[in-house]
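Asker: This is the structure I have questions about; it appears just below.
The values are calculated or read from the model by the stated rules, or taken from the named source; none is laboratory data. Note that the coordinates shown come from a computational prediction; the quantities given were computed from them, not determined experimentally. As a convention, Cβ positions derive from the backbone with ideal geometry for all residues, glycine included, and neighbour counts pool all protein chains shown. Calculation scope for accessible area: heavy atoms of the full protein, side chains included, ligands and nucleic acids excluded. Shrake-Rupley method; radii C 1.70, N 1.55, O 1.52, S 1.80 Å.
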Amino acid sequence: MENKVNVIGLGYIGLPTALMMAKNGVDIVGTDINEALISKLANNELTFEEKGLKELFKDAVDEGITFSTEYQKTDMYIVGVPTPYVSDNKKLDPTYVLTAVESILKNCMENTVIIIESTIAPGTIDKFVRPLIKEKGFTIGKDIHLVHAPERIIPGNMIYELEYNSRTIGADDVEVGQKVKDIYASFCKGEIVLTDIRSAEMSKVIENTFRDVNIAFANELAKICRSDDMDVYEIIRIANKHPRVNILQPGPGVGGHCISVDPWFLVGDYPDLTNLILSARKINDSMPEHVLKRLGDIMNEHNVKDLGRVGLYGLAYKENVDDTRESPTLQLLDKMQDNLAFGVKVYDPFIKEKMVENQVFDFDEFVDNTDIIVIMLAHDHLKENLGKITDKIILDTKNLLDPETSYKL
Ligand code: SAJ
């Protein structure tokens, strides 16, 4: 008989993973310490928006998934808790992972497999998780088996990617790795690569670092082209015709909990070796300021003095998601506050609760009360409503509009 799997942490990663496994016949209990979240899920209510999540949720419930605030007594756990970083030194804060592991140790059966899915800095398992397990009197490799199976799914296309992306399973022991691989193979149609834990940790972080560096290249090009009045989008479009060139898109900054965070782990641990990675981080972090400078120039040009007549469209960290972590708009608002610039209006159809000053919840009201609109995100909602902003002065950081009718980065 297949044993129960207890998924710990039902956020952006844990919930879809738990649902997908349950849908594919794995006996799943989802656990989260947040009582309000568990009662919502138990009431068949979703806790965030994501394409296809509703349908998946229904299928998983039909297959018998249950939710609880309690850790279960079982021999397999998947940990998908948050791994925030300390803002001062950019180091990973492993507290949630360690608390989860400690709670698992209090509940688990013999010969337990703990699979960590949360993104962690390379070396976290050796530095923090192994010592904790030993301190609690357990023997790794006998009582407890450790696995790192870093997630790879992209918000906005999570459900599809959960099923079709390749996966990495890092384990101390090949047999344990194989056992975990079999569970993941219940739903994952991509290749599942078995490796050791340190390689799994490192490969996850460098995947996101690769993207950060490549976005930084596009952002630097945008600045170069702006300084000499050239169209960066046209130039990238042409360059990308080369068979081995694939430049990403510049934007108002890099947000999200991964790409703007993970490269810092490498910078923190290898300060003498991370010149390119550090520069990329700095370039991407400088983009909100670049937008601010563009906005200042445009306000001067049109003699708009009142920031209250300026609106930022988009508060999430990217298109068509409701996640605001590290969002470029929040970074921009911080920069404005540093410059004692207040009053700018903010609208995002995905963010229904008040997060910032002067947030407007009605699109028409937002449009009616602004003269300049900064497009920070090209949500589908905006694409469907472009007709409503045609008479505005627009700073389009997402290259949505014609260059004749808008200002660009
Ligand atoms: N961005 C640009 N230009 C681009 C592409 C993205 O400015 O051409 C910006 C976005 O607007 C956003 C940020 O970068 O602010 C990040 O967005 P994203 O869509 O590139 O990635 P995330 O953060 O949503 O998800 C990433 C993914 N990692 C990679 O693509 C290597 C995802 O697969 C990971 O699972 C996720 O991080 C994670 O959790 O690690």
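Asker: Identify the residue in the stretch 1-45 that is assigned to a strand (DSSP E or B) and touching a Ser or Thr at 6+ places or on another chain (Cβ under 6 Å) and, among all such residues, is nearest to the ligand (Cβ to nearest atom).
Answerer: Restricting to residues being assigned to a strand (DSSP E or B) and touching a Ser or Thr at 6+ places or on another chain (Cβ under 6 Å), the top hit is I8.
Asker: Just the residues that are under 30 Å from I372 (Cβ atoms), within 16 Å of the ligand (Cβ to nearest atom) and assigned to a loop (DSSP other than H, G, I, E, B), please, taken from the stretch 258-304.
Answerer: I259, S260
Asker: Which residue pairs have Cβ atoms closer than 7 Å, lie 6 or more positions apart in sequence or on different chains, and pair a first residue in the stretch 216-232 that is over 16 Å from S279 (Cα atoms) and charged (D, E, K, R) with a second residue that is modelled with pLDDT under 95 and open to solvent by 10 Å² or more (accessible area, probe 1.4 Å)?
Answerer: Pairs that qualify, where the first residue is over 16 Å from S279 (Cα atoms) and charged (D, E, K, R) and the partner is modelled with pLDDT under 95 and open to solvent by 10 Å² or more (accessible area, probe 1.4 Å), are D231/P403.
Asker: If you don't mind, there's one more thing I want to ask. Given the structure, is L162 away from the ligand (no atom under 11 Å from the Cβ), more than 26 Å from L278 (Cβ to Cβ) and at pLDDT 95 or above?
Answerer: no
Asker: Additional query: Could we say that L248 is of a type in the set (A, V, I, L, M) and within 14 Å of the ligand (Cβ to nearest atom) here?
Answerer: yes
Asker: Here is a further query. Could you list, in sequence order, all residues of the stretch 365-392 that are open to solvent by 40 Å² or more (accessible area, probe 1.4 Å) and under 20 Å from G343 (Cβ atoms)?
Answerer: E365, D368, N369, D371
Asker: Can you find, within the stretch 73-90, the residue that is surrounded by the fewest Cβ atoms within 10 Å (Cβ to Cβ) among those that are in contact (Cβ under 8 Å) with a residue 24 or more places away in the chain and over 17 Å from the mean Cα position of the chain (by Cα)?
Answerer: The residue in question is N89.
Asker: Is it the case, given these coordinates, that K4 is surrounded by fewer than 18 Cβ atoms within 10 Å (Cβ to Cβ) and either touching a residue at least 12 places away in the same chain (Cβ under 8 Å) or of a type in the set (A, V, I, L, M) (or both)?
Answerer: When the stated conditions are applied, K4 passes them.
Asker: Restricting the first residue to the stretch 275-291 and requiring it to be within 20 Å of R226 (Cβ to Cβ), which pairs with a second residue that is acidic (D, E) meet a Cβ separation below 6 Å and a spacing of at least six or different chains?
Answerer: Within 6 Å, the pairs are A280/D212; I283/E220.
Asker: If the requirement is being at pLDDT below 95 and surrounded by 20 or more Cβ atoms within 10 Å (Cβ to Cβ), which of these qualifies: P155, P150?
Answerer: After applying the criteria, what remains is P155.
Asker: Restricting to the stretch 196-243, count the residues that are among the hydroxyl-bearing types (S, T, Y) and within 16 Å of the ligand (Cβ to nearest atom).
Answerer: Result for the stretch 196-243: 3.
Asker: Return the residues of the stretch 345-356 that are in a loop (DSSP other than H, G, I, E, B), touching a residue at least 12 places away in the same chain (Cβ under 8 Å) and within 19 Å of E326 (Cβ to Cβ); say none if nothing qualifies.
Answerer: Result: D348, F350, I351, M355, V356.
Asker: Any residue in the stretch 148-164 that's within 15 Å of V180 (Cβ to Cβ): show its pairings with residues that are open to solvent by 20 Å² or more (accessible area, probe 1.4 Å) and within 10 Å of the ligand (Cβ to nearest atom) at Cβ separation under 8 Å, as long as the two are six or more apart or on different chains.
Answerer: Here the result reads E151/I13, each pair linking the stretch 148-164 to a residue that is open to solvent by 20 Å² or more (accessible area, probe 1.4 Å) and within 10 Å of the ligand (Cβ to nearest atom).
Asker: Which residues, counting only those in the stretch 265-279, are open to solvent by less than 60 Å² (accessible area, probe 1.4 Å) and of a type in the set (A, V, I, L, M)?
Answerer: Listed by number, the residues that qualify are L266, V267, I277, L278.
Asker: With the checklist (1) open to solvent by 40 Å² or more (accessible area, probe 1.4 Å); (2) assigned to a helix (DSSP H, G or I) in hand, flag the one item E70 doesn't pass.
Answerer: The number of the failed condition is (2).
Asker: Identify all residues within the stretch 313-355 that are out of contact with any Pro (no Cβ under 6 Å at 6 or more places or on another chain), farther than 26 Å from M158 by Cβ, modelled with pLDDT of 95 or more and of a type in the set (A, V, I, L, M, F, W, C); write none if there are none.
Answerer: Hits for the stretch 313-355 are L333, V344.
Asker: Let me ask you something else. Quick one: would you say T119 is among the polar types (S, T, N, Q) and more than 16 Å from the ligand (Cβ to nearest atom)?
Answerer: no
Asker: Let me ask something else. Scan the stretch 205-223 for residues that are of a type outside the set (D, E) and open to solvent by less than 10 Å² (accessible area, probe 1.4 Å) and jot them down.
Answerer: V205, T209, A216, A218, N219, A222
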